[in-house]
1. Count, please, the residues in the range 14-29 that happen to be in a helix (DSSP H, G or I), closer than 18 Å to Leu104 by Cα and in contact with a His (Cβ under 9 Å, 6 or more places away or on another chain).
2. If you scan the range 42-80, which residues turn out to be surrounded by fewer than 17 Cβ atoms within 10 Å (Cβ to Cβ), in a strand (DSSP E or B), in contact with a helix residue (DSSP H, G or I) (Cβ under 7 Å, 6 or more places away or on another chain) and not aliphatic (A, V, I, L, M)?
3. Which one of these is free of Cβ contacts under 8 Å to residues at least 40 places away in the same chain and surrounded by 13 or more Cβ atoms within 10 Å (Cβ to Cβ): Glu146, Glu172?
4. Output the residue which, of all residues in the range 116-137 that are surrounded by fewer than 16 Cβ atoms within 10 Å (Cβ to Cβ) and under 30 Å from Thr78 (Cβ atoms), is modelled with the lowest pLDDT.
5. Taking only the range 82-106 into account, find how many residues are more than 18 Å from Gly34 (Cβ to Cβ), within 12 Å of the chain's Cα centre (by Cα) and either among the small types (Gly, Ala, Ser) or assigned to a strand (DSSP E or B) (or both).
Amino acid sequence: MHSRRKIETLASAVHHFCNWWDIPVRSVLDIGAGVGYWSNWYRKNHQRTKVVSVDVSEHACNKYGHQLRDISSWTPTTKFDLVICQSVLQYLDDRAARAAIKNLSKATKHVLFFEVPTTNDLHHNVDRTVTDLEIYSRSGDWYRQELSRNFKQAGAGLWIAKTSTIVLYELEGTAR
């Protein structure tokens, strides 16, 4: 889990990328909102932005005010300018993770911020003493293959909905 300060820095960067792409962030969906750092940042800094935060934990929903939803079985009925899915899908088996990615694509009007530790990350990048290892480990290629059906990878955890009006120059995205 990242600190409030780290998430605020990340949220600011993601928001400014949306501005760079001329996407006004009027609506945000925070999947697996946990303690609510993303949602709180948007509510504090962009009060006109509609923020919906969801989590599968009844405790988190009661304590932090999220809606009780499971992205692997819940399909949002509206699209959001920005969807955040940070450190969620590693807790789902392959079937549920695929269903979640399909629902993320249905929810994303423009930008998805997606972060999940991959098998490579678990071996080379994460601090195993403070990381939850009771997860489903998948390769980066597995996630890229699933996400690329409906998104274009822009780097830094940012994925652009193929139906979005955002245009990426060749070197802004990844060629796959």
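1. Restricting attention to the range 14-29, the residues satisfying the condition of being in a helix (DSSP H, G or I) are 14-20.
If we keep only those that are closer than 18 Å to Leu104 by Cα too, we end up with 14, 18.
Retained after the next criterion (residues that are in contact with a His (Cβ under 9 Å, 6 or more places away or on another chain)): 18.
Total meeting the criteria: 1.
2. Listed by number, the list holds a single entry, Gln67.
3. Values: Glu146 fails: free of Cβ contacts under 8 Å to residues at least 40 places away in the same chain.
Answer to the selection: Glu172.
4. So the residue we want is Ile135.
5. 1
The values are calculated or read from the model by the stated rules, or taken from the named source; none is laboratory data. All of these numbers come straight from a predicted model, not from anything done at the bench. Positions of Cβ are backbone-derived with ideal geometry, glycine not excepted, and every protein chain shown enters the neighbour counts.
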